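K.L.:
My questions will all concern the structure given below.
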Amino acid sequence: MTVSGRPPNQLLQLLDAADFDLLRPHLAPVEMVSKSVVGEIGTAPRHVYLPHGGCVSIRVSLSEGQTIEIAMLGRDSVVWAGAALADGISPMDAVVLFPGAASVIEIGVFRAVATASARLRKLMVRHEQVMLAHVQQSLLCNTLHPVEARLARWLLRAHDLSDGQILPLTQEALAQMIGVRRNAISLVAHALQRAGIIHYSRGQIEIIDPKALLATSCGCYSAVKAHHLRLMGVVA
């Protein structure tokens, strides 16, 4: 819990006392386990997740059988709010990438609370706009920018959501996240390591110099982060 007595999720922190009290009795703590599936495309999620730490990878599958990440959601986000407010069907897959605690609420209850709270609905609409920006920027970045910039952008976002400097990631997982071959990740990771920006060893990546990593990234990371901060400010 934070000093406010609320779980450390940004969206819960932004609610006023009355709206948080509508959610409070229905929030249950869970531990998100790495690689666990918290939603599959075409199915109805049972719970809305409000991460306190760790992160959830939002993914789509291509016709060639390849899976690519389109967004990474953590303590500054909520998972399945859009499904709760729309038709209740997931348009994508959601898999826990980094383990961490979360609050969950049954999706029907969340829908009922959102119906009763204009502020919560407004906040969720803004969050879905942020989610769309993440998806659009990720797809554009993976299409237009070199692997080094794409990997730097992804690592910066992961760094923002992680509780430490070390990320438990294999090169295979990284390749899948940004839609490239493993050998491309290997070449770029080695170059970043030689430059003293990261240290990679045995499926773990340590970010040594975040400022240099930011300089290596394209403008996509900063653009989406600025958009996120602008939209997810205090909601009147």
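The values are calculated or read from the model by the stated rules, or taken from the named source; none is laboratory data. Not measured: the values here are computed from a predicted model. Cβ placement follows ideal geometry from the backbone for every residue including glycine, while neighbour counts extend to all protein chains displayed. Side chains included, ligands, DNA and RNA excluded: accessible areas come from the protein's heavy atoms. Shrake-Rupley method; radii C 1.70, N 1.55, O 1.52, S 1.80 Å.
K.L.:
Any residue at all in segment 54-65 that is over 18 Å from Asp160 (Cβ atoms), among the polar types (S, T, N, Q), in contact with a strand residue (DSSP E or B) (Cβ under 9 Å, 6 or more places away or on another chain) and open to solvent by 30 Å² or more (accessible area, probe 1.4 Å)? Spell out the reasoning first.
P.N.:
In the first step, residues of segment 54-65 are kept if they are over 18 Å from Asp160 (Cβ atoms); the result is 59-65.
Subsequent filtering for residues that are among the polar types (S, T, N, Q) retains 61, 63.
Those left that are additionally in contact with a strand residue (DSSP E or B) (Cβ under 9 Å, 6 or more places away or on another chain): 61.
Filter again for open to solvent by 30 Å² or more (accessible area, probe 1.4 Å), leaving 61.
Yes: segment 54-65 contains one or more residues that are over 18 Å from Asp160 (Cβ atoms), among the polar types (S, T, N, Q), in contact with a strand residue (DSSP E or B) (Cβ under 9 Å, 6 or more places away or on another chain) and open to solvent by 30 Å² or more (accessible area, probe 1.4 Å).
K.L.:
Given the criteria touching a helix residue (DSSP H, G or I) at 6+ places or on another chain (Cβ under 7 Å), closer than 16 Å to Gly74 by Cβ and either at pLDDT 95 or above or among the β-branched types (Val, Ile, Thr) (or both), does Val104 qualify?
P.N.:
Values: touching a helix residue (DSSP H, G or I) at 6+ places or on another chain (Cβ under 7 Å): no; closer than 16 Å to Gly74 by Cβ: yes; either at pLDDT 95 or above or among the β-branched types (Val, Ile, Thr) (or both): yes.
In short, no.
K.L.:
Residues being under 23 Å from Pro168 (Cα atoms), modelled with pLDDT of 95 or more and outside any loop (DSSP other than H, G, I, E, B): count how many of those fall in segment 39-54.
P.N.:
3
K.L.:
Which pairs have Cβ atoms under 7 Å, sit 6 or more apart or on different chains, and link a residue in segment 93-116 that is in contact (Cβ under 8 Å) with a residue 24 or more places away in the chain to one that is open to solvent by 20 Å² or more (accessible area, probe 1.4 Å) and assigned to a helix (DSSP H, G or I)?
P.N.:
Cβ pairs passing all conditions: Ile105/His26; Glu106/His26; Val109/His26; Arg111/Leu85; Val113/Leu22; Ala114/Leu85; Ala114/Arg121; Ala116/Leu22.
K.L.:
Going through segment 204-222 one residue at a time, which ones are exposed (fewer than 14 other Cβ atoms within 10 Å of the Cβ) and either at pLDDT below 85 or among the hydrophobic types (A, V, I, L, M, F, W, C) (or both)?
P.N.:
Ala215
K.L.:
Return a yes/no flag: does segment 131-141 have any residue that is out of contact with any Lys or Arg (no Cβ under 8 Å at 6 or more places or on another chain), surrounded by fewer than 21 Cβ atoms within 10 Å (Cβ to Cβ) and of a type in the set (Ser, Thr, Tyr).
P.N.:
no
K.L.:
Now, a different point. Please work out which one of (1) modelled with pLDDT of 90 or more; (2) open to solvent by 30 Å² or more (accessible area, probe 1.4 Å); (3) over 15 Å from the mean Cα position of the chain (by Cα) is the condition Thr2 fails and give its number.
P.N.:
Among (1) modelled with pLDDT of 90 or more; (2) open to solvent by 30 Å² or more (accessible area, probe 1.4 Å); (3) over 15 Å from the mean Cα position of the chain (by Cα), the lone unmet condition for Thr2 is (1).
K.L.:
OK, next. Test His199 against the stated conditions and say whether it is open to solvent by 20 Å² or more (accessible area, probe 1.4 Å), in a helix (DSSP H, G or I) and over 28 Å from Leu50 (Cβ atoms). Spell out the reasoning first.
P.N.:
Numbers: open to solvent by 20 Å² or more (accessible area, probe 1.4 Å): yes; in a helix (DSSP H, G or I): no; over 28 Å from Leu50 (Cβ atoms): yes.
Against the criterion (open to solvent by 20 Å² or more (accessible area, probe 1.4 Å), in a helix (DSSP H, G or I) and over 28 Å from Leu50 (Cβ atoms)), His199 does not qualify.
K.L.:
Just checking, how many residues over segment 160-192 are open to solvent by 40 Å² or more (accessible area, probe 1.4 Å) and not charged (D, E, K, R)?
P.N.:
Residues of segment 160-192 open to solvent by 40 Å² or more (accessible area, probe 1.4 Å): 160, 163, 165-166, 168, 170, 172, 176, 181-183, 187, 190.
Going one step further and asking which of them are not charged (D, E, K, R), we end up with 165-166, 168, 170, 176, 183, 187, 190.
The total comes to 8.
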